[in-house]
Amino acid sequence: MGERKQVEISAEELEKQEYYIREVRRINDEQREKARCAPKYIILTYGCQMNEHDSEKMNFMLSQMGYIPSDNIREADIVIFNTCAVRENAELKVYGKLGHMKTIKKIKPDVKVMVCGCMMQQQHIIDEIQKSHRHVDAVFGTHNYHKLPEFVYESYSAKGTIIDVWNIDGQVVEGLRSIRKFDTKAYVNITYGCNNFCTYCIVPYTRGRERSRKPHDIIAEIRALAKDGVKEVTLLGQNVNSYGKTLDEEYTFSRLIRDINEIEGLERIRFMTSHPKDLSDELIYAMRDCDKVCNYLHLPIQSGSSRVLKKMNRHYTKEQYLTLVEKIRREIPDISFTTDIIVGFPGEMEEDFQDTLDVVRQVRYDSAFTFIYSKRNGTPAAEMSEQVDEKIKHERLERLIALVNDIGAQINETYRDKTVQILVEGPSKTDKTRLMGRTPQSKLVNFDGSDELVGKLVSVRINDPKRCSLNGIVI
Ligand code: SAH
Ligand code: SF4
Ligand code: F3S
């Protein structure tokens, strides 16, 4: 599977995209003359950074077509749901919102409703939309969202829902630009798709087989971002550690890190997600040696029980994971770890769960994303017997969260009176008169300061650590 060669479909598809952008822009400019205001759009994004970044690229296309952003679903002329299929509750939220759009569309029949992203890569979801959500104007998937301008154009004349979901998965689309949420930091895709087939996970089915972008394309993109004032990049892939495997040349993730570290103007490098089974010694040394790489690692464990990990098809044991963490800490002593944990995987017993708690105690994660196992149609785990009782799953989740929070708060307390380096991102979410930024370890810090600090690296002394964030004073 990993052997399959990837193809690029840049020039031809992008030419088509530009044509439709121009056509929609023409229509929108005419409308604007009449209505004296520009049409508005909103994208509601669910799921992971992949989806967030795809939405940033759609933001760019929409602005080129003459739309302006809105944060109000009722006033938007085009509403796009970029969906996630990883757990059932993510899917239920989208169905809820689509129901709401039916009501809005009764009052505002011209509003365009489009649904894309991971959910749409599953036939039973498309069937459901065709059956129960006929007010949707277009459905497209994770491999062809670059065709959004065409869907917008076609939706003016189409009768019924436009459905265009690609199931090919050997493709990389280059040359899509994005409008980012922050000026100072940016996401950069390095791999698409996943070949790991963890038995609980839908992602390999919704995002297709793993493929890597060429190093030259990635480096050129980051150089351009750095020139544009971006100080921090987060390299994105479902498993960044296997970067390069589908390329014609010999080129690894650790080499990519070393090459990106040389880019002038760039201050920080982050990446996610790292699969423990593919984290090489070379990567640890590259992280240690490269001054721009943040001392932070998101290293999903999923379960602390070797027995459960085997059933999950994760290819490491509890002991191997702990040894890896130890090795990384030896080379990079002030590194911090975060993780993903699933409770209630089929067959998980109390003693398996105790192993998970044990790993949390030993590693002492700064924080963890904790999930209740959710059965996904078409994945091997959905067919496993011994599905865990809902009540037990919830009770385990609560115990896990209590432990994670307790350790997180203890770690935050150790920051009291310490000076940390912050990349200032913008106004604080909780109090707009203050600023916020993150430490290399990705800790959120709030502090007083003037707007000129945005985009700069500043030293902040922590005087008031809280459970989920830190407060400090610029020094
Ligand atoms: N590629 C990344 C993340 C994939 S999805 C990785 O391998 O770490 C993000 C997280 O969702 C996973 O790490 C996992 O913890 C969780 N997840 C995936 N499928 C799930 C399921 N069926 N039920 C509950 N959580 C799930
Ligand atoms: Fe899903 Fe596993 Fe791939 Fe992550 S590595 S996306 S959890 S299959
Ligand atoms: Fe969800 Fe798709 Fe990401 S399923 S977690 S949005 S890759």
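The values are calculated or read from the model by the stated rules, or taken from the named source; none is laboratory data. Worth saying up front: this structure is predicted, and the values here are computed from it rather than measured. Cβ sites come from the backbone with ideal geometry, for glycine too, and all protein chains shown count toward neighbours. Heads up: the accessible areas ignore ligands, DNA and RNA and are worked out on the full protein's heavy atoms, side chains in. Shrake-Rupley method; radii C 1.70, N 1.55, O 1.52, S 1.80 Å.
Key figures for this structure:
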| quantity | calculated |
| --- | --- |
| Exceeding the 18 Å Cα-Cα cut-off - candidates Lys245/Lys327; Lys185/Lys292; Lys418/Lys466 | Lys245/Lys327 |
| Lysines with Cα under 29 Å of Lys391, excluding same-chain neighbours fewer than 8 positions away | Lys93, Lys97, Lys310, Lys311, Lys318, Lys375 |
| Inter-part distance where segment 386-420 and segment 81-137 are each reduced to a Cα centre, Å | 34 |
| Carbon + sulfur, % of accessible area of the chain - ligands and nucleic acids excluded, 1.4 Å | 49 |
| Rg/Rg_globular for the chain, with Rg_globular taken as 2.2 N^0.38 Å and Rg from C-alpha atoms | 1.00 |
| Stretchable slack from Ser459 to Arg74, in nm (0.36 nm times residue separation minus alpha-carbon distance) | 134.4 nm |
| Segment 30-98: translational diffusion in µm²/s, Stokes-Einstein, Kirkwood Rh over Cα pairs, 4 °C, 1.567 mPa s | 99 |
| Subset of Lys57/Lys231; Lys227/Lys277; Lys16/Lys159 violating a 31 Å alpha-carbon distance limit | Lys227/Lys277 |
| Normalised contact order of segment 419-474, rounded percent, pairs of Cα under 8 Å and 6 or more residues apart | 35 |
| Theoretical gain in end-to-end length, Leu247 to Glu174 [0.36 nm per residue, Cα-Cα removed] | 24.8 nm |
| Cα gyration tensor shape of segment 1-156, rounded if a/c is under 1.5, else prolate or oblate by comparing a/b with b/c | oblate |
| Mean Cβ count within 10 Å, highest first, over the residues of peptides 14-25, 252-263, 301-312 | 301-312, 252-263, 14-25 |
| Cα gyration tensor shape of segment 158-242, rounded if a/c is under 1.5, else prolate or oblate by comparing a/b with b/c | oblate |
| Per-pair calculated FRET efficiency, R0 = 41 Å: Glu12 and Asp281 via Cβ, rounded to 0.05 | 0.45 |
| Over the chain: helical MRE at 222 nm, DSSP H runs n ≥ 4 each giving -39500 (n - 2.57), nearest 500 | -11500 deg cm²/dmol |
| Over segment 185-412, volume per residue of the alpha carbon convex hull, in Å³ | 122 |
| Whole-angstrom gap from segment 321-336 to segment 144-195, using each part's C-alpha centre | 37 |
| Normalised contact order of the chain, rounded percent, pairs of Cα under 8 Å and 6 or more residues apart | 11 |
| Nitroxide proxy distance, nm - points 7 Å out along Cα→Cβ at Met349 and Ala402 | 2.4 |
| Rough spin-label spacing in nm, given labels placed 7 Å along Cα→Cβ, for Thr433 and Lys181 | 2.6 |
| Estimated FRET transfer efficiency (Thr317, Glu452; beta-carbon r; R0 51 Å; 0.05) | 0.50 |
| Under-5 Å amide H pairs with Glu425, H placed in peptide plane, nonlocal only | Met436, Gly437, Arg438, Gly455 |
| Distance between modelled label sites at Ala409 and Arg330, nm, 7 Å Cα→Cβ extension | 3.5 |
